[in-house]
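Have a look at the structure below before the remarks.
The values are calculated or read from the model by the stated rules, or taken from the named source; none is laboratory data. The structure displayed is predicted, hence computed values, not measured ones. All Cβ positions, even for glycine, are placed from backbone atoms using ideal geometry, and neighbour counts span all protein chains on display. Side chains included, ligands, DNA and RNA excluded: accessible areas come from the protein's heavy atoms. Shrake-Rupley method; radii C 1.70, N 1.55, O 1.52, S 1.80 Å.
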Amino acid sequence: MTPATLVPSSSPLSPDSALQRAATFAALRGWPWLEPVRIIQHRPLLRGRATTSVLTHADKRGGNVLVVFDTSTGAIVSAVCCLR
């Protein structure tokens, strides 16, 4: 996957696409990618944006990568790497 695939798209983001894009984003920054990975989709009740979060090393503390996408545009809202 090339960095060009990190550009937001006009179609809604699928969980598989979020997983691939988050892995690419982490690899470009040299962040660790540890299993298991959890994908969480959040939908607002009244206002706000729907988001898709990808969390690595999901059952442990430390060594986690969290990438949050805007589900409607595919843009990265936030990203953080929490090392041990």
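What about R21, is it basic (K, R) and surrounded by 13 or more Cβ atoms within 10 Å (Cβ to Cβ)?
yes
Starting from the stretch 52-77, take each residue that is on the phi < 0 side of the Ramachandran plot and list its partners that are acidic (D, E) and assigned to a loop (DSSP other than H, G, I, E, B), counting only C-beta distances under 9 angstrom and pairs at least six apart or across chains.
Close Cβ pairs (under 9 Å, with a partner that is acidic (D, E) and assigned to a loop (DSSP other than H, G, I, E, B)) amount to T56/E35; A58/E35.
How many of the residues making up the stretch 66-80 are open to solvent by less than 20 Å² (accessible area, probe 1.4 Å) and either farther than 23 Å from R43 by Cβ or touching a Pro at 6+ places or on another chain (Cβ under 7 Å) (or both)?
1
Can you find a residue that is among the β-branched types (V, I, T), open to solvent by 30 Å² or more (accessible area, probe 1.4 Å) and closer than 15 Å to Q20 by Cα anywhere in the stretch 39-60?
Within the stretch 39-60, the first condition is being among the β-branched types (V, I, T), and the residues that meet it are 39-40, 51-52, 54, 56.
The next check asks that each one be open to solvent by 30 Å² or more (accessible area, probe 1.4 Å); those that pass are 39-40.
So of that shortlist, the ones also closer than 15 Å to Q20 by Cα come out as 39-40.
Yes, the stretch 39-60 contains at least one residue that is among the β-branched types (V, I, T), open to solvent by 30 Å² or more (accessible area, probe 1.4 Å) and closer than 15 Å to Q20 by Cα.
In a helix (DSSP H, G or I), at pLDDT 90 or above and touching a Pro at 6+ places or on another chain (Cβ under 8 Å): does that describe L19?
So L19 fails the test.
With respect to T5, is the statement that it is surrounded by 11 or more Cβ atoms within 10 Å (Cβ to Cβ), modelled with pLDDT under 95 and not in a loop (DSSP other than H, G, I, E, B) true? Don't jump to the end; show me each part of the working.
Working: surrounded by 11 or more Cβ atoms within 10 Å (Cβ to Cβ): yes; modelled with pLDDT under 95: yes; not in a loop (DSSP other than H, G, I, E, B): yes.
Criteria met by T5.
What are the pairs, 6+ residues apart or on separate chains, where a residue within the stretch 11-31 that is touching a residue at least 40 places away in the same chain (Cβ under 8 Å) has its Cβ under 6 Å from a residue that is among the aromatic types (F, W, Y) and open to solvent by 60 Å² or more (accessible area, probe 1.4 Å)?
Every condition considered, the pairs that remain are A26/W33.
What are the residues in the stretch 27-84 that are among the basic types (K, R) and either farther than 15 Å from P12 by Cβ or not in a loop (DSSP other than H, G, I, E, B) (or both), if any?
Correct list: R29, R38, R47, K60, R61, R84.
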